[in-house]
Amino acid sequence: MNKRLIINADDFGFDKDATAAILDLLIDQKISSTTVLANMAKQSDLNKLKKIPNIGIGLHVNFLDGEPLAPSQHISSILDEKGSFLGAKQLFYQALKGKINPIHLSTELEAQANFLKDHGIKITHADSHQHLHHFPIIGKIIQNKLHELGIQKIRNSDTNSITSKPRSLILKGFTSFTPVNQKLFTTTEGLISDLSFGKEINQKLMLQSLIKSFKSHNLLELMTHPGIANRADSYLEREKEYQLWKSINLVEELAALEIELIHFGEI
């Protein structure tokens, strides 16, 4: 069986530096897909994104950063007193205490999907901010709503990381607890997450991750978070990821490993 790889850049719309980097890499065919933060993306950037051929454009489900698209009075259990999302820790704790209304999650998710559709985006797939669709309690609600909305392909965040960073281990636990419902969705065999969770970001690490992961798999996704510049409030090395993709001869490297670059619309 042929080896196939999706390279997806998360966080389109998060800020101007992430958006600019992702647009540049998609145009240069250094990555094959992106997922959009619908509540943060600008219409002008979505218009640019739509013009790029042969890419996957997905929904990056977000209940963590920024303000919602649905009316705040309809989704109060997932918002703070200022009308912004609760953030990961608070959302998780409130869910464990049974204080998150599932209807509120579904309402906001539908608003985000409709926003992209209303702006002419054909949604090829979905994933989620900080892997919410694998969170205990919350994850099943998200997956069921995505299926209801007709989104048939989602990220399988079961990580193939060669590192043992805490975030990678936590993600492994979440995906074991709330895996992708493969009766509802088409997905990959797993996620290569080393660029986001690794100690280093360089071509050697990336190629090592590919070689190791494809020894036992044939269809994988590689997650990346490129940006023109880093953010002071984030652990992500966005600028290094962007520079890595800019510098690598991706076509040549993948050809040497007999790996085909595809997007979610092609699985």
Exercise. Using r as the Cβ-Cβ distance of ILE27 and LYS212, and R0 as 35 Å, what FRET efficiency do you calculate, to the nearest 0.05?
Worked result: 0.75
Exercise. Here are some values of semi-axes √(5λ) of the Cα gyration tensor in Å: (1) 33, 20, 17; (2) 28, 20, 18; (3) 37, 24, 17. Which one was computed from this structure?
Worked result: (2)
Problem set entry | Length released on extending from ALA255 to SER176, taking residue separation times 0.36 nm less the Cα-Cα span | 25.2 nm
Exercise. Just going by the charge dipole of the range 3-266, with Lys and Arg at +1 and Asp and Glu at -1 on Cβ, which of ALA256, LEU222, THR186 is farthest out on the positive end?
Worked result: THR186
Problem set entry | Gain in span if fully extended, GLU148 to ASP15, counting 0.36 nm per residue against the direct Cα distance | 44.9 nm
For this session: Could you work out how far the C-alpha centroid of the range 118-145 sits from that of the range 217-267, in angstrom?
Result: 21
For this session: Place a +1 charge on the Cβ of each Lys and Arg in the range 201-248 and a -1 charge on the Cβ of each Asp and Glu, then give the dipole magnitude about the Cα centre in debye, rounded to the nearest 20.
Result: 200
Exercise. Among the listed pairs LYS42/LYS117; LYS97/LYS153; LYS50/LYS215; LYS122/LYS212; LYS16/LYS240; LYS99/LYS140, which are separated by more than 24 Å between their Cα atoms?
Worked result: LYS97/LYS153; LYS50/LYS215; LYS122/LYS212
For this session: Using only alpha carbon pairs under 8 Å that are at least six residues apart, calculate the relative contact order of the chain and give it in whole percent.
Result: 25
Exercise. For a paramagnetic label modelled at 7 Å from the Cα of ILE52 toward its Cβ, which residues of the range 1-29 fall within the zone defined by backbone nitrogen distances under 19 Å?
Worked result: 5-29
Exercise. What is the Cα coordinate range of the range 1-139 on the first, second and third principal axes, sorted by size from largest, in whole angstrom?
Worked result: 45, 38, 24
Problem set entry | Full-stretch length increase - ASP118, GLU81 - with 0.36 nm per residue and alpha-carbon distance subtracted | 10.4 nm
Exercise. With +1 on each Lys and Arg Cβ and -1 on each Asp and Glu Cβ, how big is the dipole of the chain about its Cα centre, in debye rounded to the nearest 20?
Worked result: 440
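Rule-based calculations on the coordinates, nothing more; no lab input. Computed from a predicted model, the values in this text were never measured in an experiment. Note that each Cβ is placed from the backbone with ideal geometry, even for glycine, and that neighbours are counted across all protein chains shown.
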